[in-house]
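The values are calculated or read from the model by the stated rules, or taken from the named source; none is laboratory data. Just so it is clear, the structure is predicted and the values come from calculations on it, not from any experiment. Because the Cβ atoms are built from the backbone with ideal geometry, glycine has one as well, and the counts that use them run over all protein chains shown.
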Amino acid sequence: MSIARFADRTAYITGAGSGLGRATAQRFASEGARVFAADVNEVGIAETVAAIRQSGGVAAGGVCDVSRMDSVRTSIAGAVETFGGISILINAAGVGKSARLEEIDEAEWQRVIGVNLTGVFHTTKVAIEHLLKQPGGNIVNIASTAGVRGQAYNSHYAASKAGLLNFTKSIALEFVSRGLRANCVCPGGVMTPLLQHFIPRDDFEPPLMAYYMPPIPHKLGAPEDVAAVITFLASDEARMINGVALPADFGTLA
């Protein structure tokens, strides 16, 4: 392990079965945290936990559907039983897929909102009592540049992430007097399995493409790039930072 910034702390991380969530779980473990990895993907969770343990880290995990409160309650109870508490909540679980508004039915709308926004309400609601018991307890939510400004063909995804931004800011204000911080990271394009669902289709109108995917002056980011930002916000080095929506996008929103 490199820097033990999170020694004696437990990070509960959703979406940890792949992509950004997995990279974040590995980064926290490499810096001394005990990691509880949660995801709907049982195989992915097992792979994440095994990789952390093989690198000398401490990890456990289990299946959790963040869109269901009962599933979240069971998962967080398991994390608390395993590690004695939760110090850090990382909400990295997310779903989405580019589509025209006419193509988005109610079931798909509810699926995206259910995971990306309601899921964060569920984990925050259940974890908050445990976070408040720990010194330096904090929350880092993974939003998106789509939550800061609109994106054509992503109305449901953008709405979920915009809601997440103000939910996070509200939690930050509500609990600041009790020593809890809450922040968002807003990644741009990141090379994860989820990205394949946002590849522009040939039938999307070319004149609107600049609004959908603005030019980025650098290559797409790696999951490890965003994981570094997340761990910084969760660390004591960022103790003055609360209620922010921090872009990690190579300047896309500049």
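Within the stretch 21-48, the set of residues being among the aliphatic types (A, V, I, L, M) and under 21 Å from A127 (Cα atoms) comprises A25, A29, A33, V35, A37, A38, V40, I45. Looking across A37, A4, A16, one residue alone is part of a loop (DSSP other than H, G, I, E, B) and surrounded by 24 or more Cβ atoms within 10 Å (Cβ to Cβ). It is A16.
Of the residues making up the stretch 72-95, at least one is crowded, with 17+ Cβ neighbours inside 10 Å and over 26 Å from Q134 (Cβ atoms). Residues that are of a type outside the set (S, T, Y) and either over 20 Å from the mean Cα position of the chain (by Cα) or more than 17 Å from T231 (Cβ to Cβ) (or both) do not occur anywhere in the stretch 18-36. Among the residues examined, D65 does not qualify as part of a loop (DSSP other than H, G, I, E, B) and surrounded by fewer than 18 Cβ atoms within 10 Å (Cβ to Cβ). Taken over the stretch 223-254, the residue count meeting the criterion of being without any contact (Cβ under 8 Å) to a residue 60 or more places away in the chain, part of a loop (DSSP other than H, G, I, E, B) and either more than 18 Å from S177 (Cα to Cα) or of a type in the set (D, E, K, R) (or both) is 2. A search for C-beta distances below 8 Å between a residue of the stretch 98-116 that is touching a residue at least 12 places away in the same chain (Cβ under 8 Å) and among the aromatic types (F, W, Y) and any residue that is part of a helix (DSSP H, G or I) and surrounded by 13 or more Cβ atoms within 10 Å (Cβ to Cβ), counting only pairs 6+ apart in sequence or on different chains, returns W109/H156. Counting only helices (runs of 4 or more DSSP H) that sit completely within the stretch 102-180, those holding 1 or more residues that are modelled with pLDDT under 95 and surrounded by 20 or more Cβ atoms within 10 Å (Cβ to Cβ) correspond to 155-175.
Restricting the stretch 40-62 to residues that are of a type in the set (A, V, I, L, M) and part of a strand (DSSP E or B), the residue that is farthest from the chain's Cα centre (by Cα) is V58. Being within 19 Å of the chain's Cα centre (by Cα), modelled with pLDDT under 95 and not aromatic (F, W, Y) is a description that does not apply to D203.
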